[in-house]
Amino acid sequence: MTRTQGMLALLVMGAGWGLTQPLTKIAVSEGYLPLGLIFWQMVIGALGMGAYRVVARKPITLPLRLMWFFLLIALLGTVIPNSFSYRAAAFLPAGVMSVVISLVPIFAFPIALSLGVDKFNWVRLGGLLVGLVGVVILAGPDALPDAAMAIWLPIAVVAPLCYGFEGNIVSKWGMHGLGPGHVLFGASVVGAVVALPLAIASGQFIDPRTEWNAPEYAVVASSLIHVVVYTSYVWLVSRAGSVFAAQVSYVVTGTGVLWSMLILSERYSIWVWGAMALILAGMFLVQPRSQDRVAP
């Protein structure tokens, strides 16, 4: 693969992932609650990934001995973070949510240090501090359209914090002989089984026999985009390496903001743009370089 082809793949994948941010905003726009959305996201993801694996002649069996691992990935990768991000998305602009999600590597660095996955580095510490300054600016009274929205920022940052834990757990203990796609499929299946009774018991279950409008189509589109883009991401990692593929985070944030401006007509203050610049700069400083240890 040439560098030009790799950069093109990054742009396409990032644009796809970025599109899921305004789609999430649309999905929660008419009162749907997190657990109902999570259940259908898991079901659609499991069906999409399962179909791909069957066509590609890849295994779809889920070893019983690894059910705890699938459950862990489902909880840290979807159930817990999306429970918070769906709630926050109902109140925060989708572009701001795109900026917040870019905090993953900034949270991942101190977690990696505590788990012994990574070593201390002054440059990365600087990146962590720069990113945190961006968060402080984002929470300022002049950054958001309504200062009262700031109360939802701590709710929104739970998602990147969970992703930081998830990545480090996989980096430290591996995937127990399974490929990333196999793990995602297993986590989707187990996550759907977990989310269904929770959604029903809490009254958040979404009956698909309802009249379909923008929120319903947004849930399906977002879930399918995630399956396609994640599969493409795994492919890119295998061709270009994980350090190169990790740069998709910048594209996700940038295109998430642009999609939100285009689809939802959102506009942001200079403070939001400044916060995004600082967080992206912090992410650049914190992310691993080619000589650093990267999870297989």
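The values are calculated or read from the model by the stated rules, or taken from the named source; none is laboratory data. Values in this document were obtained by computation on a predicted structure and should not be read as measured data. As a convention, Cβ positions derive from the backbone with ideal geometry for all residues, glycine included, and neighbour counts pool all protein chains shown.
Assorted remarks:
- Looking across the stretch 237-248, the residues that are surrounded by fewer than 21 Cβ atoms within 10 Å (Cβ to Cβ), assigned to a helix (DSSP H, G or I) and touching a residue at least 60 places away in the same chain (Cβ under 8 Å) come down to ARG239, ALA240, PHE244.
- The numbered conditions (1) exposed (fewer than 15 other Cβ atoms within 10 Å of the Cβ); (2) over 23 Å from the mean Cα position of the chain (by Cα) are all true for SER114 except (2).
- Any hit, the stretch 173-195, residues being in a helix (DSSP H, G or I), over 19 Å from the mean Cα position of the chain (by Cα), within 24 Å of ARG53 (Cα to Cα) and at pLDDT 90 or above: yes
- Members of the stretch 223-236 found to be of a type outside the set (A, V, I, L, M), buried (at least 21 other Cβ atoms within 10 Å of the Cβ) and farther than 14 Å from GLY14 by Cβ, listed by number: SER223
- Pair list, Cβ under 7 Å, 6 or more apart: the stretch 139-153 residue in contact (Cβ under 8 Å) with a residue 40 or more places away in the chain and of a type outside the set (A, V, I, L, M, F, W, C), other residue part of a loop (DSSP other than H, G, I, E, B) and exposed (fewer than 15 other Cβ atoms within 10 Å of the Cβ): ASP142/SER269
- Selected residue [over 21 Å from ALA281 (Cα atoms), in a helix (DSSP H, G or I) and in contact with a Phe, Trp or Tyr (Cβ under 6 Å, 6 or more places away or on another chain)] from ILE151, ILE155, ILE200: ILE155
The rows are residues; the columns are (1) in contact with a Gly (Cβ under 7 Å, 6 or more places away or on another chain); (2) acidic (Asp, Glu).
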| residue | (1), (2) |
| --- | --- |
| VAL170 | no, no |
| HIS176 | no, no |
| PRO180 | no, no |
| LEU196 | no, no |
| GLN204 | yes, no |
| PRO208 | no, no |
| GLU211 | no, yes |
| SER223 | yes, no |
| TRP235 | no, no |
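- Residue in the stretch 27-38 that is farther than 30 Å from ALA201 by Cβ, surrounded by 22 or more Cβ atoms within 10 Å (Cβ to Cβ) and of a type outside the set (Lys, Arg) present: no
- Among (1) within 22 Å of GLY95 (Cβ to Cβ); (2) among the charged types (D, E, K, R); (3) at pLDDT below 85, the one test that ASP292 misses: (1)
- Among the residues of the stretch 85-133, those that are of a type outside the set (A, V, I, L, M), without any contact (Cβ under 8 Å) to a residue 40 or more places away in the chain and in a helix (DSSP H, G or I) comprise PRO110, SER114, TRP122.
- Complete set of residues in the stretch 196-222 that are under 16 Å from the mean Cα position of the chain (by Cα) and either free of Cβ contacts under 8 Å to residues at least 60 places away in the same chain or surrounded by fewer than 18 Cβ atoms within 10 Å (Cβ to Cβ) (or both): ALA221
- Within the option set VAL234, VAL219, VAL272, VAL227, being touching a Leu at 6+ places or on another chain (Cβ under 7 Å), part of a helix (DSSP H, G or I) and within 21 Å of GLY16 (Cα to Cα) holds for one residue only, VAL219.
- Meets criteria (under 23 Å from ARG87 (Cβ atoms), of a type in the set (Gly, Ala, Ser) and not in a loop (DSSP other than H, G, I, E, B)) for ALA143: no
- Options MET67, MET49: the member that is at pLDDT 95 or above and assigned to a helix (DSSP H, G or I): MET67
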